[in-house]
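The structure appears right after this line, and notes come after that.
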Amino acid sequence: NPSNIGLLGKGRINDFRALTVISPSIRNQNLNVVGNTNGSRLGGDTLKLFLDIKNFLSPASGLLINLSSSNGNVELLDNQVNAGTLNTLENKPIGPFRVYIKPGVLDNEEVYFRVDYASNGNAYTDFEYFKVTVSLDYQTIAVNKVISTITSNGRVGFVDEDGTIGTGFV
């Protein structure tokens, strides 16, 4: 599957390494996206991406985190963070990674990002993906105890007919 390289896993399982190598295991637990256009993430906006990472296994020292995207509609302004040391089961907020959304981006375009982790003198390396939808053509509005999504296509509650994008009317 050449078109899926890096998306289907990390290779064969090495039982010996699994039982003998002591390694960190760092994963993003939460993504927070902050922009200047009331959550719409429009072209011309600069987003700030914040990650909450957690290390599940052995301590990681000299942890470097790199963000990348192959999408031509975004430009990474700040793409590397030195996170220092991350102990076993420790959580740490990371960021911001600043991402410029270029004008002309399509409505509701999904932008995929890759996060690369390297620590312990590059003895540990790993990666994971996440996506951010930009140039939203809908807004979710919450006032007091009322929440609803308003769309550019005249619908209230959900953007699509399947009811998968939006909050409905709560």
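The values are calculated or read from the model by the stated rules, or taken from the named source; none is laboratory data. Just so it is clear, the model here is predicted, and its values are computed rather than measured. Positions of Cβ are generated from backbone atoms using ideal geometry, with glycine treated the same way; all protein chains shown enter the neighbour counts. Only protein heavy atoms, including side chains, enter the accessible area calculation; ligands, DNA and RNA are left aside. Shrake-Rupley method; radii C 1.70, N 1.55, O 1.52, S 1.80 Å.
List of remarks:
- Restriction of the GluC sites (Glu not before Pro) in the range 64-170 to DSSP coil positions whose beta-carbon has at most 16 other beta-carbons within 10 angstrom yields 90, 161.
- Dipole of the range 1-100 [Lys/Arg +1, Asp/Glu -1 at C-beta], most positive-end residue of 89, 29, 68: 89
- Once each of the trypsin sites (Lys or Arg not before Pro) sitting in a DSSP loop with at most 16 other beta-carbon atoms within 10 Å is removed, the chain keeps 13-144 as its longest stretch.
- Take the Cα radius of gyration of the chain and divide it by 2.2 N^0.38 Å, N being the number of residues; the result is 1.23.
- Rounded percent of accessible protein surface that carbon and sulfur make up, the range 72-170, 1.4 Å probe: 51 percent
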